[in-house]
Amino acid sequence: MYRARDVMQKRFHTLSPHMTIAEAIEHFKRASEEAHRRVFGMIVKDEAGRLVGMLSMYDVLLLIRPKHTQVWGIMTDIEVNGLFEVIAERAQSVHVEDLMTTDVITIKPDTHVLHILDIMIKKHIRRLPVVNEGIIEGMVYLSDLFYFLVDNLSPQGGGTH
Amino acid sequence: MDEATQKSVLSDATVKEAMRVQVLSLSAASPINHGIRQLIKYKSNAFLVNGEGGAPVGVVSKTDIIGAYYAGLPIESPLGDIMVSPPMFCSPGDSLESALDTMRSQRIYRLYVRNEASNEVVGALAYPDIVGLLYGYCRSCDRSVMNRKKNRAEDPDEMRIRVKDVMTESVVWSHDDDNLSQIMEELSEHRCGAVLIRNRSRRPISVISKTDLILAYARGIQSEAPARNVLASSRVISCQDSTFLEDAIRKMILSDLQRLFAWSEIPENIVGVISLSDAARVRSGSCHACISSRIRVE
């Protein structure tokens with residue numbers, strides 16, 4: 001039987017709740033470079049290593065999105081000079097803890113892969129932290145789960161488990 | 001024709017044209033710190049609070065959260081403990097003028113929009129949303145300064161409203177060694193959204209807004225802490241008092257600012273403040289061609 005421990009990534013980047021969003025963005029870039037793929041979300045750990053939240057690319061994009069978007073459509077002569085400075089300034093003053101989602105769904109190392117699949121589909125989530133007695137042991141990503149299942153359910157991959 | 005009976009550019013406008021459709025709502029059982037995160041994430045000033053059955057039972061604004069901070073309520077307290085109840089509603093088909101009348105008479109800054117047939121909340125209306133609608137009218141107006149090529153016979157700059165014509169001339173100041181409770185008292189007493197902070201040489205060095213205060217609450221900073229502990233990067237964003245109102249509005253909209261401080265002669269000489277709410281309440285457009293569309297302020 002395939003379990004979370006068989007599909008999880010054991011090397012993953014984390015954020016600290018007190019980091020600024022500007023620092024978190026740098027971590028996103030670094031994590032993407034090291035993983036050779038775009039990282040869409042990162043878990044947030046406190047000093048004791050406990051999971052305290054999750055910060056997604058979507059959360060950061062919400063901060064970047066201008067508030068009065070309904071007016072932008074009628075402004076044909078938008079001057080963006082200075083706009084990105086304001087965004088950068090905001091990213092310096094807002095912390096990861098101010099934006100992160102604290103209600104994080106986790107799984108255990110022995111959670112079955114089909115149960116993981118069910119959680120991801122029902123909850124519309126792409127990544128699940130694997131937690132064992134409060135300690136984060138790994139991350140299961142939707143893409144890894146997809147290729148794991150495809151490889152193992154295909155005739156060449158067996159599919160008898 | 002007196003002002004009350006004048007036909008306004010808003011006369012035919014409905015709530016539906018100006019409202020925003022994204023409405024933030026949270027459970028009354030959710031803790032205050034969760035509410036703060038949602039306000040920051042969605043750049044909102046308030047959210048609806050739903051009761052056990054999911055029906056809206058109240059509203060929590062940044063002001064209510066600052067009240068909880070000032071009173072020393074634990075950050076984990078449920079939103080139901082600090083909400084203002086009941087929420088005020090209007091309908092999408094209501095005239096914008098009647099909605100504004102309700103906001104003025106009830107002294108509130110937003111109305112939620114409820115579809116009467118389905119009883120579903122479909123939007124929210126606040127002063128900055130009305131600025132957006134009016135800005136659109138202004139841009140399409142033949143006499144607008146933004147369409148100046150059509151009006152070469154007139155001197156467009158003479159027609160334009162400047163920040164000093166409509167700004168609030170009283171600015172609330174605090175010192176960087178004042179504590180956060182004192183700043184909260186200033187905000188409450190003057191019913192304003194931010195205070196300018198100056199140092200001992202009376203030079204303006206930063207701004208503390210309601211957003212900064214709710215973040216301080218969420219981060220566990222004691223309300224007795226000095227203002228300098230939360231100054232972060234909130235620099236004073238200002239414009240000259242002779243700036244055209246249209247340019248100031250555009251700067252606020254594009255930069256997600258609620259207000260601009262106005263200076264005269266030198267940037268250190270702050271003489272007033274203008275907010276998007278002021279811009280909405282004081283007048284509709286940005287030039288004298290638009291006097292018929294003035295929104296009454298009481």
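None of the figures in this text is laboratory data; all of them are computed from the coordinates on show. Here the structure is a predicted model, which is why all the values come from computation and not from measurement. When we count neighbours, we look across all protein chains shown, and the Cβ atoms used for this are built from the backbone with ideal geometry, even at glycine.
Neighbours of B:Asn269 by Cβ distance under 14 Å: Lys/Arg scored +1, Asp/Glu scored -1, total 0. Only Cα pairs within less than 10 Å get springs; with that Gaussian network setup on chain A, which residue of A:Leu55, A:Leu63, A:Leu128 has the largest fluctuation? Highest fluctuation among the options: A:Leu63.
Scan chain A and report its longest stretch carrying no trypsin sites (Lys or Arg not before Pro) that are both in a DSSP loop and have at most 12 other Cβ atoms within 10 Å. So the longest stretch without any such site is A:51-161.
Rounded to the nearest 10 degrees, the angle from helix A:21-35 to the longest Cα principal axis of chain A is 40 degrees.
Once the Cα atoms are used to define both axes, helix A:83-93 deviates from the longest principal axis of chain A by about 60 degrees.
Placing +1 on the Cβ of every Lys and Arg and -1 on the Cβ of every Asp and Glu, with no other charges, gives region B:63-142 a dipole of roughly 160 debye about its Cα centre.
Going from the residue with the fewest nearby Cβ atoms within 10 Å to the one with the most, B:Cys90, B:Cys192 rank B:Cys192, B:Cys90. For B:Glu189 and B:Leu257, the FRET efficiency from 1/(1 + (r/R0)^6), where r spans their Cβ atoms and R0 equals 30 Å, is about 0.85.
Taking Lys and Arg as +1 and Asp and Glu as -1, the other residues whose beta-carbon sits under 11 Å from that of B:Ala124 total +2.
The ranking of A:His18, A:His36 from fewest to most other beta carbons within 10 Å of each one's beta carbon is A:His36, A:His18.
The residues neighbouring A:Thr101, those whose beta-carbon lies less than 10 Å from its own, together hold a net charge of 0 under the Lys/Arg +1, Asp/Glu -1 convention. For B:Trp263, the amide hydrogen comes within under 5 Å of the amide hydrogens of B:Cys239, B:Gln240, B:Asp241, B:Val271, counting only partners 5 or more places away or on other chains and with H modelled in the peptide plane. For region B:200-225, the residues whose backbone nitrogen is under 13 Å from a point 7 Å from the Cα of B:Ile266, taken along Cα to Cβ, are B:202-204.
Relative to the current alpha-carbon distance between A:Lys108 and A:Tyr2, full extension at 0.36 nm per residue lengthens the span by 36.9 nm.
Using θ = phi - 60° in the Karplus curve 6.51 cos²θ - 1.76 cosθ + 1.60, the 3J(HN,Hα) couplings for region B:254-268 round to 6, 9, 6, 9, 8, 7, 10, 8, 10, 10, 10, 6, 10, x, 6 Hz; x is entered for Gly and Pro. Largest GNM mean-square fluctuation among A:Glu97, A:Glu47, A:Glu137, using chain A with Cα springs under 10 Å: A:Glu47. Within the same chain, aspartates and glutamates fewer than 8 places from A:Lys108 are excluded, and of the rest, those with a Cα less than 16 Å from its Cα are A:Asp6, A:Asp118, A:Glu133, A:Glu137. Between region A:104-156 and region B:172-222, the alpha-carbon centres lie 46 Å apart. Residue order for A:Phe148, B:Phe47, fewest other beta carbons within 10 angstrom first, comes to A:Phe148, B:Phe47. Simple spin-label estimate for A:Lys123 and A:Glu33 gives 3.2 nm between the two label positions (7 Å along the Cα-to-Cβ direction from each Cα).
For the pair A:Ala22 and B:Trp173, a Förster radius of 25 Å applied to the C-beta separation gives a FRET efficiency near 0.25, rounded to the nearest 0.05. Relative to the longest principal axis of the Cα atoms of chain A, the long axis of helix A:142-153 lies at roughly 20 degrees. Derived scalar couplings between HN and Hα for region B:27-37 equal 6, 4, 7, 5, x, 4, 5, 5, x, 4, 4 Hz in order, rounded to whole Hz, by the Karplus curve 6.51 cos²θ - 1.76 cosθ + 1.60 (θ = phi - 60°), x for Gly and Pro.
Once amide H atoms are placed 1.01 Å from N in the peptide plane, what residues at a sequence separation of 5 or more from B:Val57, or on another chain, have their amide H within under 5 Å of its amide H? Long-range HN contacts for B:Val57: B:Val49, B:Asn50, B:Gly51.
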